[in-house]
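Participant: There's a structure below that I have some questions on.
The values are calculated or read from the model by the stated rules, or taken from the named source; none is laboratory data. In this text the structure is predicted, and so the values were computed from the model without any measurement. We place every Cβ from the backbone using ideal geometry, glycine too, and count neighbours over all the protein chains shown.
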C-alpha cells in the first residue's frame, strides 16, 4: 500500500503560529514541520516526541516542576562547593536539606525495587 503525502500551507504570525502547530499536533497526522519566511526555510524538523512535549509542556507544568526541581537539586548538589561557586549556582542550607531528602528518598526507593531494576547490568554481573 502506498502512502499519500499531502502538504498544507498556512500563514500565521506571533502566537497564531503556536496555536496552529498545537492544532496540527492534536490532529495527529503531521510528520514534518517546515517554517518558511520570505520563501526561505527558517526551520525544518520532524514532529517527534520532543516537539509534542514542547506543545504539551504548559498543561503538564504542575507535574513537571517537582521533577525538574529534584533534577536541579541533585545535579547541583553533587558538584563540589568550589565548582558551584564558580558557576554561580546558589546553594544554601535549604538546598542542602532538599538534596539530602531527595538522595535519601532515592535510596529508600532503590531498596524496595527488584534487583534487576535497582542495579545496573554491569553491577548485576559482578555481584
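Participant: Being farther than 30 Å from residue 97 by Cα and at pLDDT below 70, is that true of even one residue in the stretch 55-71? Don't jump to the end; show me each part of the working.
Facilitator: Initial filter on the stretch 55-71 (farther than 30 Å from residue 97 by Cα): 55-56.
Filter once more, keeping what is at pLDDT below 70: 55-56.
Among the residues of the stretch 55-71, at least one is farther than 30 Å from residue 97 by Cα and at pLDDT below 70, which makes the answer yes.
Participant: Being surrounded by 10 or more Cβ atoms within 10 Å (Cβ to Cβ) and either at pLDDT below 90 or out of contact with any strand residue (DSSP E or B) (no Cβ under 8 Å at 6 or more places or on another chain) (or both) narrows it down to one residue among 101, 115, 125; which is it? Walk me through how you get there before you give the answer.
Facilitator: Numbers: 115 fails: surrounded by 10 or more Cβ atoms within 10 Å (Cβ to Cβ); 125 fails: surrounded by 10 or more Cβ atoms within 10 Å (Cβ to Cβ).
101 is the lone residue from the list that is surrounded by 10 or more Cβ atoms within 10 Å (Cβ to Cβ) and either at pLDDT below 90 or out of contact with any strand residue (DSSP E or B) (no Cβ under 8 Å at 6 or more places or on another chain) (or both).
Participant: Take the conditions at pLDDT 70 or above, outside the structural domain of residue 97 (by TED's automatic domain parsing), surrounded by fewer than 10 Cβ atoms within 10 Å (Cβ to Cβ) and closer than 23 Å to residue 4 by Cα and apply them to residue 40. Does it pass? If you could, list the steps in order and put the result at the bottom.
Facilitator: Working: at pLDDT 70 or above: yes; outside the structural domain of residue 97 (by TED's automatic domain parsing): yes; surrounded by fewer than 10 Cβ atoms within 10 Å (Cβ to Cβ): yes; closer than 23 Å to residue 4 by Cα: no.
Answer is no for this residue.
Participant: Please work out which one of (1) closer than 28 Å to residue 117 by Cβ; (2) modelled with pLDDT of 85 or more is the condition residue 96 fails and give its number.
Facilitator: Going through the list (1) closer than 28 Å to residue 117 by Cβ; (2) modelled with pLDDT of 85 or more, residue 96 breaks only (1).
Participant: Now for a different question. Just to check your reading of the model, which residue among 89, 99 is in contact with a helix residue (DSSP H, G or I) (Cβ under 6 Å, 6 or more places away or on another chain) and part of a helix (DSSP H, G or I)? Can you show your working first?
Facilitator: Values: 89 fails: part of a helix (DSSP H, G or I).
None of the other options fit; the residue is 99.
Participant: Between a first residue in the stretch 103-116 that is without any contact (Cβ under 8 Å) to a residue 12 or more places away in the chain and a second residue that is part of a helix (DSSP H, G or I), which pairs have beta carbons less than 8 Å apart while being 6 or more apart in sequence or on different chains?
Facilitator: 110/118; 111/118; 115/124; 116/124
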